[in-house]
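The values are calculated or read from the model by the stated rules, or taken from the named source; none is laboratory data. Predicted model only: the values in this text are computed from it and were never measured. Cβ placement follows ideal geometry from the backbone for every residue including glycine, while neighbour counts extend to all protein chains displayed.
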Amino acid sequence: MSSYYIKKYGVHELHQSNCVWLPIRKGMVKLGEFDSALEALKKARVLYDEVNPCSTCCSIGKKRSNIMSVD
Ligand SMILES: [Zn+2]
């Protein structure tokens, strides 16, 4: 399990607690503990219309087995 955070202001971004951006970006709110970035993203998208996974810490949507397509 990892902790995930959402950047609340502007474009919402999903970050893991160990992301290098976390201490830099303002307005981070803790989303919770999740097994994977995908699980965190699902939860985030319930709360926010649009959430982009961080390309640094959440390697979602970059791989060929695109887990972004999971409903
Ligand atoms: Zn990140």
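One table, with the values for the structure above:
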| quantity | calculated |
| --- | --- |
| Enumeration of residues in segment 1-52 that are within 11 Å of the ligand (Cβ to nearest atom), touching a helix residue (DSSP H, G or I) at 6+ places or on another chain (Cβ under 6 Å) and of a type outside the set (Phe, Trp, Tyr) | 6, 14 |
| So residue 61, is it at pLDDT 85 or above, assigned to a loop (DSSP other than H, G, I, E, B) and out of contact with any Phe, Trp or Tyr (no Cβ under 6 Å at 6 or more places or on another chain) | no |
| Complete set of residues in segment 17-53 that are buried (at least 19 other Cβ atoms within 10 Å of the Cβ) and touching a Phe, Trp or Tyr at 6+ places or on another chain (Cβ under 6 Å) | 28, 31, 34, 40 |
| Residue ranges of strands (runs of 3 or more DSSP E) in segment 1-46 with at least 2 members closer than 14 Å to residue 57 by Cα | 2-7, 12-16 |
